[in-house]
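Asker: Pasting in a structure now, in structure tokens, and then I'll have a few things to ask.
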Amino acid sequence: MVSQKRPRPARLLVLSGARVVTLDPDRRVLDADVVVSEGRIAEIRPRRSPTRRAVARGGELDCAGLILLPGLVQAHIHLCQTLFRGFADDLSLEDWLARRIWPFEAAHTPESVYWSAMLGAAELLLGGTTAILDMETVRHTHAAFQALREIGLRATVGKCLMDAPTNPPGLRESTDQALQEAMDLCARWHGAEGGRLRYCFAPRFAPSCTGPLLRAVSDAAERAGAMIHTHAAETPVELELVKRATGRDEIAYLDSVGIAGPRAALAHCVWVDGDTVRELARAGTNVVHCPSSNLKLGSGVAPIPEMLAAGCRVALGADGAPCNNRLDGFEEMRLAALIQKPRLGPDALPAAAVLELATLGGARALGLEREIGSIEVGKRADLVALDLSGPHGQPADAEIASRLVYAARAADVRHVLVDGRVVVRGGRLLTADVSEVREKANAAARRLIRGVLG
Ligand SMILES: [Zn+2]
């Protein structure tokens, strides 16, 4: 007789005792336990004390008194710029790029890209961001992927594409070279680590790329099932450049080369008129709102309430460390709500709407709305447990979206899971040694900045 081996029960992790902000279609807030198995949310069940057997099969993460929410998604980040934080302040976008960011990016080595990504990803995870859409620099994107593989953040990452003859020589590539490396990175990393890492095609912005490259990128993204991520309509200067070169409005030009629709995520979209907003909504293009960056570079205030009223898909992002200077999803939520109010009144963009942008909106901008963005059975277990027991989180009976958007801070994050793996426990990062990251990132920044600024 053949003995039949019983299948091993899946390892379970029970997150017990939290108030769960689900962001499900009914927007339920539940006092419930969340059971995680094989990277996914297996069950959301009435709170009960864990059985000894359940604990033996995996474990319990005590979340009593905490608020459990879907991990924040930031759909516009430049991990390669984390080492430039504090070295490019108080400049207009054009000077900021030409005098600081482009020379710094051109000076990057694989090692500095790696530590820049580790530093940024550590900050993001400790602050409750579990997924990002990331534009790297022109070279060494492989090193950023290696850092992300180790540290455990969910990331869709693209090498920056810059093939136009007007680009600085340190970053300019030929069209073929740019496209070939992008395709090679896509083949290597798109879907890696069980789908946690994905590739996106990332033209820097319309003026930095030739028309043939943009068209080729759109085709390649379609074939690979990958996102396209770029900047658009950030300043009037940029709009004018595109108008002069192509005779068209920038968003319409991007549409004409195939960069529009649910596969595209456009950072900023500050300078858009009513017709363009309607066009973005009709196409289903993702807009990524970066309020801190738009304020710090003096770019303006994107008409987000108007976009939402028109039916646009909107996500949030911190952009890069040198134009923010934090990578804090809670800060972006708070600012996103506040900056509209002087213009449109205090009821513009309420807290509950902003919370959706930072979770469900981000998931859509990564093309992952079926996988992340809410706490629902079957979705990936990307979760954040927040401790709002401090004075700034009281009174506890206030509306939960208000507490999360207006009062919560990155420092309130206690536990973080990505793909069911506990990456932050008790406010401590488990997947990297933060003091080593700090030391190595500082050394890399010192070499790089000194090399450029002297
Ligand atoms: Zn950016």
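The values are calculated or read from the model by the stated rules, or taken from the named source; none is laboratory data. Model, not experiment: these values are computed from the prediction. So basically every Cβ, Gly included, is an ideal-geometry build from the backbone, and we count neighbours across all protein chains shown. These accessible areas exclude ligands, DNA and RNA; they are computed on the full protein's heavy atoms, side chains included. Shrake-Rupley method; radii C 1.70, N 1.55, O 1.52, S 1.80 Å.
Asker: If r is the Cβ-Cβ distance from ALA64 to ASP433 and R0 is 22 Å, what FRET efficiency results, to the nearest 0.05?
Answerer: It comes out at approximately 0.15.
Asker: Considering all projection directions equally, how large on average is the shadow of the alpha-carbon convex hull of segment 231-335, in square nanometres?
Answerer: It is 6.3 nm².
Asker: Compute the relative contact order of the chain as a whole-number percentage, counting only Cα pairs closer than 8 Å that sit 6 or more residues apart in sequence.
Answerer: 20 percent
Asker: Using 0.36 nm times the number of residues separating ARG149 and GLN394, minus their current alpha carbon distance, what extension gain do you get?
Answerer: 84.4 nm
Asker: Taking the mean number of other Cβ atoms within 10 Å as a proxy for protection, how do you rank 11-20, 424-433 from highest to lowest?
Answerer: The packing order, highest mean first, is 11-20, 424-433.
Asker: Among VAL424, ALA264, ALA117, whose Cα sits farthest toward the positive end of the charge dipole of the chain (+1 at Cβ of Lys/Arg, -1 at Cβ of Asp/Glu, about the Cα centre)?
Answerer: The listed residue farthest towards the positive side: VAL424.
Asker: About the Cα centre of segment 108-167, how large is the charge dipole given +1 on each Lys and Arg Cβ and -1 on each Asp and Glu Cβ? Please answer in debye to the nearest 20.
Answerer: In total the dipole reaches around 100 debye.
Asker: Compute the long axis of helix 236-246 from its Cα atoms, compare it with the longest principal axis of the Cα atoms of the chain, and write down the angle in degrees, 0 to 90, nearest 10.
Answerer: It is inclined by approximately 60 degrees.
Asker: Oh, and also: If N is the number of residues in the chain, what value comes out of its Cα radius of gyration divided by 2.2 N^0.38 Å?
Answerer: Expressed relative to 2.2 N^0.38 Å, the Cα Rg reads 0.96.
Asker: Grab every C-alpha pair in segment 58-214, bin the distances at 10 angstrom width from 0 up to the longest one, and report whole percents.
Answerer: 11, 37, 33, 13, 4, 1
Asker: Moving on to the next point. Of all the accessible heavy-atom surface of segment 362-454, with the other protein chains kept in place and a 1.4 Å probe, what percent is carbon and sulfur?
Answerer: Percent of accessible area from carbon and sulfur atoms in segment 362-454: 47.
Asker: Charges only on Cβ, +1 for Lys and Arg, -1 for Asp and Glu: so what's the dipole of segment 72-133 about the Cα centre, in debye to the nearest 20?
Answerer: The calculated dipole for segment 72-133 is roughly 120 debye.
Asker: Considering only protein heavy atoms, what per residue accessible area in square angstrom results for the chain with a 1.4 angstrom probe?
Answerer: 40 Å²
Asker: How many percent of Cα pairs in segment 330-454 exceed 20 Å?
Answerer: Within segment 330-454, distances greater than 20 Å cover 61 percent of Cα pairs.
Asker: Could I have the simple spin-label model distance between ARG45 and ALA310, label points 7 Å from Cα toward Cβ, reported in nm to one decimal?
Answerer: Taking the two extended label points, one gets 4.8 nm.
Asker: So if R0 is 45 Å, what FRET efficiency would ASP176 and VAL237 give, r being the distance between their Cβ atoms, rounded to the nearest 0.05?
Answerer: Approximately 0.95, to the nearest 0.05.
Asker: To continue, here is another question. Compare the Cα positions of THR175, ALA144, CYS160 along the charge dipole of segment 142-224 (+1 at Cβ of Lys, Arg; -1 at Cβ of Asp, Glu; about the Cα centre) and return the one farthest towards the positive end.
Answerer: ALA144
Asker: Would you work out which of GLY191, LEU239, LEU213 lies farthest towards the positive end of the dipole of segment 176-261, given +1 charges on the beta-carbon of Lys and Arg and -1 on that of Asp and Glu, about the Cα centre?
Answerer: Highest projection toward the positive end goes to GLY191.
Asker: Considering the Cα trace of segment 316-392, what is its radius of gyration and what is Dmax, both in angstroms?
Answerer: 14.3, 41
Asker: With Kirkwood's inverse mean 1/r over C-alpha pairs for Rh, give me the Rg to Rh ratio of segment 234-292, two decimals please.
Answerer: 0.94
Asker: Suppose only helical runs count, i.e. DSSP H with n ≥ 4. What mean residue ellipticity at 222 nm does that imply for the chain under -39500 (n - 2.57) per run, divided by all residues and rounded to the nearest 500 deg cm²/dmol?
Answerer: That comes out to -9500 deg cm²/dmol.
Asker: For segment 94-248, with all protein chains present and a 1.4 Å probe, just round the carbon and sulfur fraction of the accessible area to a whole percent.
Answerer: 53 percent
Asker: Against the globular-protein guess of 2.2 N^0.38 Å, express the Cα radius of gyration of segment 164-222 as a ratio, rounded to two decimals.
Answerer: Computed over Cα atoms of segment 164-222, the ratio equals 1.20.
Asker: I've got another one for you. On a 1.4 Å probe surface of the protein chains, which of TRP189, TRP271 comes out largest in accessible area, and what is the full order?
Answerer: Final ranking, largest accessible area leading: TRP271, TRP189.
Asker: May I pose another question? Please sort 77-89, 104-116, 295-307 by packing, taking for each peptide the average over its residues of neighbouring beta carbons within 10 angstrom, highest first.
Answerer: Going by the mean number of other Cβ atoms within 10 Å, highest first, we get 77-89, 104-116, 295-307.
Asker: Here's another thing I want to ask about it. Kirkwood hydrodynamic radius for segment 12-139: how many Å is it when counted over pairs of different Cα atoms?
Answerer: About 17.7 Å, per the Kirkwood formula over Cα pairs.
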